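Visitor: Just passing along the structure, written as structure tokens.
The values are calculated or read from the model by the stated rules, or taken from the named source; none is laboratory data. Given the structure is predicted, the values throughout are model-derived calculations rather than measurements. Cβ: placed from backbone, ideal geometry, glycine included. Neighbour counts: every protein chain shown.
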Amino acid sequence: MMGLPQPSISGQVAPVSGPRLPLKLRLACDEDIPVLVDFRVDFMRAVKEIAPEDEAALRAGLSEMFRRGISSGKTIYWLAETEGRPVSSCALLFPRGRGSAVRSWRARRAELMGVYTLPAFRRSGAASALVALALTEARRIGLRELFLQPTEEARSMYLRAGFTPDGDRMILKLCAGGRSSPLRLSDSDS
């Protein structure tokens with residue numbers, strides 16, 4: 001049985017210069033789990049209230065989820081850093097759906113998720129750079145479709161990347177050979 005594809009920049013750092021922010025994009029590893037947890041909790045706080053007494057259990061559950069995703073290869077996480085500080089995250093998740101992650105990979109579809117940028121760094125190009133990296137990786141491994149559930153704030157960034165609305169989510173159809181329409185990401189995030 002064929003396993004999941006390996007990310008192409010494993011252990012490498014990809015330097016990117018945005019209009020306002022010098023960025024380094026890299027794969028996240030186990031040592032980054034606390035950052036990924038912080039980003040996810042920050043995002044969740046923005047969309048719903050988290051009771052203080054529930055936060056410790058939430059953080060523990062998220063830590064385990066990120067650890068499993070990284071160790072299994074079922075999720076590829078990236079971070080954007082500036083001056084050595086993580087400021088944005090992004091992930092490709094090979095969803096279980098009706099079968100295993102390997103089955104979803106064979107179906108050539110994945111979910112773009114976990115796109116989050118610290119408030120002070122929004123509109124800096126960090127999320128757009130990570131999304132562009134995720135799309136490049138999706139093409140490289142031969143995915144046919146990406147889907148996501150956008151926030152209203154990020155919807156225009158995904159539209160520029162070629163995603164189209166599909167109910168409460170958005171989809172990007174990749175052509176045969178892993179190609180899609182040219183990226184239309186601007187230099188700054190929406």
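Visitor: Among VAL37, VAL47, VAL13, which is the only one that is out of contact with any Asp or Glu (no Cβ under 9 Å at 6 or more places or on another chain) and modelled with pLDDT under 95? Even if it seems obvious, please write down each step before you answer.
Guide: Values: VAL37 fails: modelled with pLDDT under 95; VAL13 fails: out of contact with any Asp or Glu (no Cβ under 9 Å at 6 or more places or on another chain).
Result of the check over VAL37, VAL47, VAL13: VAL47.
Visitor: Can you tell me which of (1) at pLDDT below 95; (2) farther than 19 Å from THR75 by Cα is the one PRO165 doesn't meet?
Guide: (1)
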